[in-house]
Amino acid sequence: MPMEYFVEEDSIVRKIWGKGDTILFVFAGASAEFALSKAVDWLYFTGRLPSDPLGRLFSTVSYARAIVFSEKKAALHAIDTITAIHSRVEEKRNAKIPDWAYRDVLFMLIDYSIRSYELLERKLSGPEKQEVFDVFYRVGKRMDLNGLPKNFESWEIMRQEHLHQNLQNSHYTKDLFRQYRKHLGLLRYSLLLEAQILAVPKKVRELLGYRKVSLLKPVLGFYKVSRSIKIDWLLKAAILPPKYKKEIKELDHLPTK
């Protein structure tokens, strides 16, 4: 009997999440938007995000990859684990994380998956974008989230509404960017900002006061060539601290079936 996966083996979502450079752009964009979320105080409640923002990034990556590449039972277990972790935080704080905040995270994963792949590879077709939406929609349904859009077209409308309603440049925003700089160092922090300019939607760019064009844009062509001659890992290692070299290399290895 063939093994059943949460995400089909030939899915575009596996291609997106099977490459380390694409994932790094996903989280470059998400790190900018997370800092603007009106619900970012929830991420500060446990203290994990400001104390180790990069560790939190790789923790999130590991859960996302478990969902994308695992067989169905293991993927559902990973989703249930995420739900349980958030439930414990809610119990400690004696309050509920709003549904829109959960939706925002799913919306970020959908949006930055598409944006990052299109930056580094090619434009996605309509059905491929729908496929990305479907995967994260099923994650949201498993988490019993309310108010999810039913298809990609509805998501596009709701995504714009969320960008305009749920983001603000607050003292948390400024503190989180200070933490990014502290943990990355000035050079890597500067690279992060340029990657964010490339990856984020217009509203996020405006709220952070970013210019329209990233200095990395002319470098993308060279980077794509570097992948074909197998030296792209050197560039990835330059982006993140040596402490995370093992995690960086693992991003490019698809889990065994």
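Would you mind stating whether F177 is buried (at least 17 other Cβ atoms within 10 Å of the Cβ) and without any contact (Cβ under 8 Å) to a residue 60 or more places away in the chain?
no
Which of the residues that make up the stretch 32-58 are under 11 Å from the mean Cα position of the chain (by Cα) and closer than 24 Å to A95 by Cα?
E33, F34
Tell me which residues, restricted to the stretch 75-89, are within 30 Å of P2 (Cβ to Cβ) and touching a residue at least 24 places away in the same chain (Cβ under 8 Å).
A75, L76, I79, D80, I82, T83
Considering only the stretch 146-256, give the helices (runs of 4 or more DSSP H) lying wholly within it that have at least 3 residues that are farther than 25 Å from L124 by Cα and modelled with pLDDT of 85 or more.
171-184, 186-199
Where residues in the stretch 157-167 are surrounded by 15 or more Cβ atoms within 10 Å (Cβ to Cβ) and free of Cβ contacts under 8 Å to residues at least 60 places away in the same chain, which of them is farthest from K203 (Cα to Cα)? Walk me through how you get there before you give the answer.
Here is the first cut: in the stretch 157-167, the ones surrounded by 15 or more Cβ atoms within 10 Å (Cβ to Cβ) are 158-159, 162-163, 166-167.
Within this subset, residues satisfying the condition of being free of Cβ contacts under 8 Å to residues at least 60 places away in the same chain are 158-159, 163.
Numbers: M158: 14, R159: 11, L163: 7 Å.
Step by step, filter the stretch 157-167, then rank; the result is M158.
Given the conditions (1) assigned to a helix (DSSP H, G or I); (2) touching a strand residue (DSSP E or B) at 6+ places or on another chain (Cβ under 9 Å); (3) not polar (S, T, N, Q), report the number of the one that F58 does not fulfil.
Here F58 meets the rest and fails (2).
Applying the selection to the stretch 123-142, what residues are surrounded by 19 or more Cβ atoms within 10 Å (Cβ to Cβ), in contact (Cβ under 8 Å) with a residue 60 or more places away in the chain and more than 15 Å from W17 (Cα to Cα)?
Correct list: V139 only.
From the list L120, L109, which one is surrounded by 15 or more Cβ atoms within 10 Å (Cβ to Cβ) and farther than 18 Å from A35 by Cβ?
L120
How many of the residues in the stretch 90-114 are part of a loop (DSSP other than H, G, I, E, B) and in contact (Cβ under 8 Å) with a residue 24 or more places away in the chain?
2
What is the number of the single condition among (1) touching a residue at least 40 places away in the same chain (Cβ under 8 Å); (2) under 25 Å from K96 (Cβ atoms); (3) in contact with a Lys or Arg (Cβ under 8 Å, 6 or more places away or on another chain); (4) not hydroxyl-bearing (S, T, Y) that L198 does not meet?
The number of the failed condition is (2).
Conditions first: (1) touching a residue at least 60 places away in the same chain (Cβ under 8 Å); (2) of a type in the set (S, T, Y); (3) surrounded by 18 or more Cβ atoms within 10 Å (Cβ to Cβ). S170 passes all but one, so which condition is the exception?
For S170, the exception is condition (3).
Taking interchain pairs and intrachain pairs at least six residues apart, which have beta carbon atoms under 8 angstrom, with the first residue in the stretch 38-53 and part of a helix (DSSP H, G or I) and of a type outside the set (A, V, I, L, M, F, W, C) and the second surrounded by 15 or more Cβ atoms within 10 Å (Cβ to Cβ) and at pLDDT below 80?
From residues that are part of a helix (DSSP H, G or I) and of a type outside the set (A, V, I, L, M, F, W, C), the pairs are Y44/P50; R48/G55; R48/R56.
Can you tell me which of A75, A84, A30, A101 is surrounded by fewer than 17 Cβ atoms within 10 Å (Cβ to Cβ) and of a type in the set (G, A, S)?
Selected residue: A84, the only one of A75, A84, A30, A101 that is surrounded by fewer than 17 Cβ atoms within 10 Å (Cβ to Cβ) and of a type in the set (G, A, S).
The values are calculated or read from the model by the stated rules, or taken from the named source; none is laboratory data. Keep in mind that what you see is a predicted model, and the values were worked out from it rather than measured. No Cβ is skipped: glycine too gets one built from the backbone with ideal geometry, and neighbour counts run over all protein chains shown.
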